[in-house]
Each structure stands twice: as structure tokens, then as C-alpha cells.
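Novice: This structure is in C-alpha cells; I'll ask about it shortly.
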């Protein structure tokens with residue numbers, strides 16, 4: 001499976017679980033209007049595999065909201081594919097690992113390994129990263145092109 005399909009499709013497992021997680025915890029904050037998380041210091045890095053090691057893709061960003069951060073969904077996709085995921089699409093993709101750095105900010109990192117076969121099959125050129133941040137109070141921020149990176153030919 002190409003890296004683009006893997007990045008977007010392989011994480012569709014767990015669709016039912018996502019709905020339960022998103023629904024939980026919203027009742028307590030229903031009385032107040034949620035704020036939207038902000039994303040800062042984002043960066044994407046792609047390292048091609050070598051003869052001795054797998055490659056990788058890593059996206060790291062600081063996510064801030066006054067209620068704290070529940071999570072961050074991330075998907076990488078080749079610009080040439082015209083995929084352009086929507087906010088709704090990102091509910092079903094992989095989650096970054098987020099670690100609190102303060103009461104309202106978390107550093108979130110999303111990483112996956114890239115095999116030589118996946119790298120060979122991947123579209124060359126510019127790739128985009130789309131994100132969906134969710135705060136503990138239910139506020140969300142969708143960024144269709146949070147970062148870009150290059151996959152060399």
C-alpha cells in the first residue's frame with residue numbers, strides 16, 4: 001500500500017471508538033462556549049529509508065487551549081493527489097501522542113515508520129499535513145494545511 005493510502009486509509013480502524021471518545025466529556029462543558037485550540041511551532045519531517053534502516057515521518061506541534069488538550073488527529077497526503085481531507089475526515093485518522101507541557105498546552109507528536117517499498121510507491125514531491133485539534137471543553141480547530149514536506153524522487 002502506498003504511503004498516501006497508508007497515511008489516510010490505514011487509520012480508519014477504530015471509527016466506532018472515536019465516536020464514543022468524542023461524545024464523552026462534552027456534557028460537563030455544555031453550559032459554556034468552548035474556545036478553539038491554537039497550534040504553534042508546528043514542523044513536519046520526512047526521512048527516507050536507507051539500506052540499513054526504515055524511514056519515518058514526524059509531525060510535532062504545540063497545541064494550546066484554556067481547558068487543556070484532549071488530542072490531535074493528523075494525516076499526511078501528497079499534494080498531487082488532490083485528496084484535501086476535511087474536518088469530518090480527520091475524525092477517523094491516527095492520533096498524535098500528546099504530552100502536557102503546562103495546564104493549557106500539550107506538545108503533540110505524530111510519527112510513523114516508512115518502509116523502502118512504501119517510499120518507492122509514495123508520490124514524489126510536496127506532501128501536506130492536515131490536523132484536527134480537540135480541547136477538553138470540546139472546542140476544535142481544523143487546519144487543512146498545517147505543514148508541508150518533500151518526498152524526493
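The values are calculated or read from the model by the stated rules, or taken from the named source; none is laboratory data. The structure displayed is predicted, hence computed values, not measured ones. Ideal geometry is used to build each Cβ from the backbone, glycine not excepted, and the neighbour counts take in all protein chains shown.
Novice: Is it fair to say residue 152 is in contact (Cβ under 8 Å) with a residue 12 or more places away in the chain and surrounded by 18 or more Cβ atoms within 10 Å (Cβ to Cβ)?
Specialist: In short, no.
Novice: Being touching a helix residue (DSSP H, G or I) at 6+ places or on another chain (Cβ under 8 Å) and either surrounded by 14 or more Cβ atoms within 10 Å (Cβ to Cβ) or under 21 Å from residue 46 (Cα atoms) (or both) narrows it down to one residue among 132, 90; which is it?
Specialist: One residue alone meets the criteria, 132.
Novice: Is it the case that the stretch 57-74 has a residue that's in contact with a helix residue (DSSP H, G or I) (Cβ under 9 Å, 6 or more places away or on another chain), closer than 14 Å to residue 44 by Cβ, touching a residue at least 12 places away in the same chain (Cβ under 8 Å) and buried (at least 21 other Cβ atoms within 10 Å of the Cβ)?
Specialist: Checked against the condition, which is being in contact with a helix residue (DSSP H, G or I) (Cβ under 9 Å, 6 or more places away or on another chain), closer than 14 Å to residue 44 by Cβ, touching a residue at least 12 places away in the same chain (Cβ under 8 Å) and buried (at least 21 other Cβ atoms within 10 Å of the Cβ), the stretch 57-74 yields at least one hit.
Novice: I would also like to ask the following. Would you confirm, using the coordinates I've provided, whether residue 38 is over 22 Å from residue 148 (Cβ atoms), in contact with a strand residue (DSSP E or B) (Cβ under 8 Å, 6 or more places away or on another chain), surrounded by fewer than 17 Cβ atoms within 10 Å (Cβ to Cβ) and at pLDDT 95 or above?
Specialist: For residue 38, the condition - over 22 Å from residue 148 (Cβ atoms), in contact with a strand residue (DSSP E or B) (Cβ under 8 Å, 6 or more places away or on another chain), surrounded by fewer than 17 Cβ atoms within 10 Å (Cβ to Cβ) and at pLDDT 95 or above - is not met.
Novice: May I pose another question? Based on this model, can you work out whether residue 103 counts as more than 11 Å from the chain's Cα centre (by Cα), surrounded by 16 or more Cβ atoms within 10 Å (Cβ to Cβ) and closer than 21 Å to residue 138 by Cα? Please lay out each step first, then the result.
Specialist: Working: more than 11 Å from the chain's Cα centre (by Cα): yes; surrounded by 16 or more Cβ atoms within 10 Å (Cβ to Cβ): no; closer than 21 Å to residue 138 by Cα: yes.
No.
Novice: Take the conditions in contact with a strand residue (DSSP E or B) (Cβ under 7 Å, 6 or more places away or on another chain), in contact (Cβ under 8 Å) with a residue 12 or more places away in the chain, in a strand (DSSP E or B) and farther than 18 Å from residue 149 by Cβ and apply them to residue 43. Does it pass? Spell out how you get there, then give the answer.
Specialist: Values: in contact with a strand residue (DSSP E or B) (Cβ under 7 Å, 6 or more places away or on another chain): yes; in contact (Cβ under 8 Å) with a residue 12 or more places away in the chain: yes; in a strand (DSSP E or B): yes; farther than 18 Å from residue 149 by Cβ: no.
When the stated conditions are applied, residue 43 does not pass them.
Novice: If you go through the stretch 41-61 one residue at a time, do you hit one that is on the phi > 0 side of the Ramachandran plot and at pLDDT 95 or above? Full working, then the answer.
Specialist: Filtering the stretch 41-61 for residues on the phi > 0 side of the Ramachandran plot gives 41.
Applying the additional criterion that residues be at pLDDT 95 or above yields 41.
Checked against the condition, which is being on the phi > 0 side of the Ramachandran plot and at pLDDT 95 or above, the stretch 41-61 yields at least one hit.
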